[in-house]
1. From the residues in the range 200-224 that are part of a helix (DSSP H, G or I) and closer than 23 Å to Gly97 by Cβ, which one is farthest from the chain's Cα centre (by Cα)?
2. Kindly indicate whether Gly356 is on the phi > 0 side of the Ramachandran plot and surrounded by 18 or more Cβ atoms within 10 Å (Cβ to Cβ).
3. For the range 168-189, which positions are in contact with a strand residue (DSSP E or B) (Cβ under 7 Å, 6 or more places away or on another chain), surrounded by 19 or more Cβ atoms within 10 Å (Cβ to Cβ) and within 28 Å of Trp355 (Cβ to Cβ)?
4. When Ala140 is evaluated against the numbered criteria (1) in contact with a strand residue (DSSP E or B) (Cβ under 9 Å, 6 or more places away or on another chain); (2) exposed (fewer than 14 other Cβ atoms within 10 Å of the Cβ), which criterion, by number, is the only one it fails?
5. Would you be able to say whether some residue in the range 118-135 is under 21 Å from Phe458 (Cα atoms) and either of a type in the set (Gly, Ala, Ser) or in the same structural domain as Ala206 (by TED's automatic domain parsing) (or both)?
6. Which one of these does Val534 not meet: (1) surrounded by fewer than 16 Cβ atoms within 10 Å (Cβ to Cβ); (2) touching a helix residue (DSSP H, G or I) at 6+ places or on another chain (Cβ under 9 Å)?
7. For the range 329-336, check the following and say yes or no: at least one residue is surrounded by 14 or more Cβ atoms within 10 Å (Cβ to Cβ) and within 23 Å of the chain's Cα centre (by Cα).
8. Quick one: Asn422 ticks every box in (1) out of contact with any helix residue (DSSP H, G or I) (no Cβ under 6 Å at 6 or more places or on another chain); (2) part of a helix (DSSP H, G or I) except a single one, so which number is it?
Amino acid sequence: MGNKYVKRNIWTVLLVLALGAVLALSGCGGTGAKPEAGQPPSGTGEGLQDTLIYGRGGDSVALDPSIVTDGESLKIGQQVFDSLLEYKDGTTTVQPGLAESWEVSPDGLIYTFKLRQGVKFHDGTDFNAEAVVFNFERWADPKSSYKYEGDSFDYYDSMFGSEKSRIIKSVKAVDANTVQFKLNKPQAPFLQNLAMTSFGIASPRAVQEKKGDFKSNPVGTGPFVFKEWKRNDSITLDKNPNYWKLGQPKLAKVIVRSIPDNTARFNALQNGEIDLMDDMNPDDVQQLEGNSELIRIERPSFNVAYIGFNLKKKTFDNPKVRQALNHAVNKQAIIDALFAGQAKPAVNPMPPTLWGYNDSIQDYAYDLNKAKALLAEAGFPNGLPEPLTFYAMPVSRPYMPDGKKVAEAIQADFEKIGVKVNIQSPEWATYLDDLKGGEKDDLYMLGWNGDNGDPDNFLYTLLDKDTIPGNNRSFYVNEELHKMLVKAQTEIDQDKRTELYKQAQEIIKKDAPWIPLVHTTPVMAGKTTLKGYVPSPTSSESFGNIYFE
């Protein structure tokens with residue numbers, strides 16, 4: 001009895017002490033306010049982890065989001081920059097960003113945005129309407145004095161028309177906190193486009209002072225401030241203490257590490273060297289699910305991986321050759337062997353989860369006899385006479401966990417119909433430059449994660465003649481398709497747009513500039529203590545809400 005009483009008193013004292021500590025940490029019992037339910041304290045308590053180490057498959061190409069198209073670069077851009085608009089967490093629904101409200105004229109040609117006041121760039125200068133004008137004029141002018149050797153604003157051209165067919169006519173500062181866009185013609189996905197990371201607003205002073213070095217020393221208004229880039233190793237970002245979103249960021253630091261091998265990256269997670277990782281090897285998922293200290297995270301499926309034909313090369317002049325190679329690829333066998341079943345065969349250049357998808361189109365069936373017959377009709381009864389250069393991705397991506405193995409499987413498929421390929425995988429930045437030039441590759445492997453929830457972002461961005469030499473790496477030109485896609489951009493009625501996009505997919509299917517390969521549901525993994533992370537279908541999200549429990 002006496003011993004139990006003493007123990008009970010000891011536990012009571014300990015409980016009171018613990019409760020007092022909790023109240024002190026949370027600010028209760030003093031002048032501080034309680035955190036909202038489900039939210040961490042605004043400050044980081046002693047002993048709580050406040051640095052996120054994120055593992056990914058490849059390094060960034062550059063840190064200025066306006067001059068890149070690769071997802072690894074845009075991941076960093078999402079942390080350092082804000083756009084006028086942004087997407088609601090986990091969706092492609094547009095909501096206010098640096099612009100807190102907007103109005104659209106009845107004819108769809110004038111957009112007027114009210115900007116947030118009191119926002120500062122990381123260098124201490126003011127965000128205002130003049131800063132918005134500076135950025136958009138820089139991107140629109142191919143002769144801009146702030147466009148440096150090797151740079152191109154491909155996303156601006158893809159989303160807002162090339163120099164000969166610009167969507168945006170002018171951008172004007174009405175006053176310090178109001179900016180007005182005038183368009184040459186209506187653009188249905190205009191607001192969706194503005195929310196893309198590629199159009200994050202940079203500090204004009206930083207661009208002017210850093211010049212060509214801005215691409216490796218970015219300055220925006222985002223939740224994190226760029227600190228250091230160790231090429232092919234890591235990028236370090238520090239908390240922006242003056243961020244305009246109340247309570248963000250919750251972390252003091254983010255370190256983004258490049259670990260190209262998927263298994264090595266998973267081992268690093270299991271060993272506690274990183275906290276969150278991209279692009280699980282499908283074969284490692286079972287091991288992940290058996291680890292009680294880790295969680296499985298699925299990114300919404302919103303992508304396509306494809307093999308593109310370089311139509312600058314005479315080999316692919318005849319669509320029957322392209323159709324033949326489509327028939328030669330055993331997509332399901334590749335999915336079973338290399339994606340652990342966590343993918344679906346792709347039929348069209350856009351995912352079936354996106355509105356406007358044409359589900360009446362039938363895929364090119366895996367049929368070697370049909371493939372050989374088509375090659376014979378194209379004048380190659382014994383297969384192609386010369387080996388082709390096949391560029392296979394050197395980094396893992398959400399839609400392509402192991403590009404080289406997939407390329408080897410396709411290489412074996414092609415050999416069965418007398419088509420030999422030599423696989424090459426140069427370093428990622430070189431890989432992308434080579435594809436853009438179109439001189440070294442005959443066919444290539446790439447993929448696309450949707451940026452903004454609109455079919456335009458797949459079909460026009462990747463396959464319209466206006467996006468050569470940008471994202472249209474196949475150099476594919478079809479005038480009928482071009483007219484259809486431009487009409488779909490200017491059509492406001494979504495039902496009519498849907499019909500135009502379905503017709504466009506029929507043209508692309510017949511012309512076969514690609515072999516659409518797979519749509520994946522990307523699997524990520526993280527520590528069980530990781531909270532507040534909401535993966536985006538666009539494959540790029542802010543880390544501002546992440547914290548550790």
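The values are calculated or read from the model by the stated rules, or taken from the named source; none is laboratory data. Given the structure is predicted, the values throughout are model-derived calculations rather than measurements. Counting neighbours? That spans all protein chains shown, and the Cβs are built from the backbone with ideal geometry, glycine included.
1. If we take residues in the range 200-224 being part of a helix (DSSP H, G or I) and closer than 23 Å to Gly97 by Cβ, then Arg205 is farthest from the chain's Cα centre (by Cα).
2. Working: on the phi > 0 side of the Ramachandran plot: yes; surrounded by 18 or more Cβ atoms within 10 Å (Cβ to Cβ): yes.
Spelling it out, Gly356 is indeed on the phi > 0 side of the Ramachandran plot and surrounded by 18 or more Cβ atoms within 10 Å (Cβ to Cβ).
3. Those that are in contact with a strand residue (DSSP E or B) (Cβ under 7 Å, 6 or more places away or on another chain), surrounded by 19 or more Cβ atoms within 10 Å (Cβ to Cβ) and within 28 Å of Trp355 (Cβ to Cβ): Ile168, Phe181, Leu183.
4. Result: Ala140 fails condition (2) only.
5. So far as the range 118-135 goes, no, none of its residues is under 21 Å from Phe458 (Cα atoms) and either of a type in the set (Gly, Ala, Ser) or in the same structural domain as Ala206 (by TED's automatic domain parsing) (or both).
6. Unmet condition: (2).
7. Yes: one or more hits.
8. Failed condition: (2).
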